[in-house]
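Take a look at the structure below.
The values are calculated or read from the model by the stated rules, or taken from the named source; none is laboratory data. Keep in mind the model is a prediction, meaning the values are calculated, not measured. Here the Cβ is made from the backbone with ideal geometry for all residues, glycine too, and neighbour counts use every protein chain on show. Remember, those area values only see protein heavy atoms, side chains included, never the ligands or the DNA or RNA. Shrake-Rupley method; radii C 1.70, N 1.55, O 1.52, S 1.80 Å.
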Amino acid sequence: MESQAVVFTSANRVEYRTITSPEPGAEDVVVELHHSWISNGTEGSFLRGERVSGDVAWRPGDPAPFPMVAGYQKVGRVLAVGAAVRRFAPGDWVFASMSKVTGMFDNKFAGHVSPSVCAQNSVMPLPQGLDPVAFSGLVLAQVGYNCGTRSPVKPGQVALVIGDGLVGQWAGQTLAQVGAKVVMIGRHPDRLARFARFGTTVLGGADNGLAAVQALALSPIQVLVETAGNARVPGDYLPLLARGAHAVIAGFYKSAGGADVQKSMEPFRHREISIDLVSGATQERLDATLDWIATGRLDTLGCITHRFPVERAAEAWTLIETKREPVLGVILDWPASRKSS
């Protein structure tokens, strides 16, 4: 069947074009998209050719990961369901993640495509009466929720979030909800301003905000969440961490050759620092994140800075890559949203 999709055709080239999706099977749900949320970091590294799948970095000798249908999160209405589908019916509002496509480098990693052919286990019903756009970044919001709930932090303890992007925003919000005293280090004053109601913000520089955090004279840091993909940060901040503190590593790190893991972990071992590596999504976390958004404990709409008709996806990506104006959350609005308005 024919679909429209946002396709990365080669490094730094984006097209909105017609592609082919497979005919839906008995376990599939066909979704007409209304809105999809760009994952700036993950999708951007695919667009630059830095990944071949998920968290697997491209290495010399690997094939270029093109063409690829970008993305992994969207909302819309069900058009049709397979014979074995019982949870959904045409007309239902749903969130969907991965879709099936054909003719691409990876025919399973597909988000910005409509109609979307989705396995029913990658589709979730949306709460009635709430803005569906709020749930269109659910997978990425779940990553932030995962970062913020990994640590056994107690009310009043200090949590440091490195990175003011979407994952950092939602990790910080989650930590604030569980009572932590949150400090966010970032490089974008506009993004930091969006977080200011949840905690303290610090504009980082060449030292990733280390001197500014030291000047705050905080109690030892109990939780450090690294979302910016800077491998130096945990080591730089180690002297400020409490003994037995917790680090959550959520950034994507490009391939840089081999590493002596034992040697690099030694300083953390001596301080009894526990480390979590977070990636991907689970149904349990998606359910919890959806509930937190629905009940107002996570603010997603407040992170949206731009919306583009999907036909202008290339323009959206130019903005994200060049940052010619302050940008954070970017939504693509599909023709179905205009027909229903």
- prompt: Residues with amide H under 5 Å of Ile273's amide H, sequence separation 5 or more or different chain, H placed in the peptide plane at 1.01 Å from N; which?
  reply: Gly244
task: Would you please state which residues of the range 194-237 a label at Glu272 would reach in this model, taking the label point 7 Å out along Cα→Cβ and a backbone N cut-off of under 19 Å?
output: 220-224
- request: Express the accessible area of the range 184-341 per residue in Å², computed with a 1.4 Å probe while the remaining protein chains stay in the model.
  value: 51 Å²
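To one decimal place, what Kirkwood hydrodynamic radius in Å is obtained for the range 259-335 from all pairs of distinct Cα atoms? Intermediate values should be presented prior to the final figure.
On the way: mean 1/r = 0.0603 Å⁻¹.
Taking the inverse mean of 1/r over all distinct Cα pairs, the range 259-335 comes out at 16.6 Å.
Just want to confirm a number: the relative contact order over the chain, from Cα pairs under 8 angstrom separated by 6+ residues, in percent.
18 percent
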Charge tally in the Cβ shell below 14 Å around Asp131, where Lys, Arg are +1 and Asp, Glu are -1, Asp131 excluded: -1
query: What angle, in degrees between 0 and 90 and rounded to the nearest 10, separates the Cα long axis of helix 261-270 from the longest principal axis of the Cα atoms of the chain?
result: 50 degrees
field: Volume per residue of the C-alpha convex hull in the range 36-109, rounded to whole Å³
entry: 108 Å³
field: Calculated from backbone phi, Karplus (6.51, -1.76, 1.60) coupling profile of the range 16-30 in Hz, x at Gly/Pro
entry: 9, 8, 7, 10, 10, 10, x, 5, x, x, 5, 9, 9, 10, 9
- prompt: What fraction, in whole percent, of alpha-carbon pairs in the range 147-221 exceed 13 Å separation?
  reply: 60 percent
message: What does the charge count around Pro90 come to, taking other residues whose C-beta lies under 11 Å from its C-beta (Lys +1, Arg +1, Asp -1, Glu -1)?
response: -1
- prompt: In square nanometres, what is the average projected area of the Cα convex hull of the range 85-242?
  reply: 12.3 nm²
query: Tilt of helix 166-177 relative to the longest C-alpha principal axis of the chain, in degrees (0 to 90, nearest 10)?
result: 60 degrees
field: Residues with amide H under 5 Å from that of Val225, placed H, sequence gap 5 or more
entry: Leu160, Val161, Ile162, Val248
message: How much accessible area per residue does the range 1-89 have, counting only protein heavy atoms and a probe of 1.4 Å, in square angstrom?
response: 40 Å²
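For the chain, what is the Kirkwood estimate of the hydrodynamic radius, computed as the reciprocal of the mean inverse distance between distinct Cα atoms, to one decimal in Å? Walk me through the numbers on the way to the answer.
Values: mean 1/r = 0.0481 Å⁻¹.
Here the Kirkwood hydrodynamic radius works out to 20.8 Å.
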field: Within the chain, helix-based [θ] at 222 nm, where runs of 4 or more DSSP H residues each add -39,500 (n - 2.57), nearest 500
entry: -7000 deg cm²/dmol
query: Can you pull the percent of the range 190-341's accessible area that's carbon plus sulfur, 1.4 Å probe, other chains left in place?
result: 53 percent
task: Read phi for every residue in the range 231-236 and hand back ³J(HN,Hα) as whole Hz from Karplus 6.51 cos²θ - 1.76 cosθ + 1.60, θ = phi - 60°, with x for Gly and Pro.
output: 5, 7, 4, x, x, 4
message: Using the Karplus curve 6.51 cos²θ - 1.76 cosθ + 1.60 with θ = phi - 60°, what ³J(HN,Hα) values do you get for each residue of the range 82-89, in whole Hz, with x for Gly and Pro?
response: x, 4, 9, 8, 10, 7, 10, 9
query: Where does the charge balance sit around Val78 when Lys and Arg score +1, Asp and Glu -1, over other residues with C-beta under 12 Å from its C-beta?
result: -1
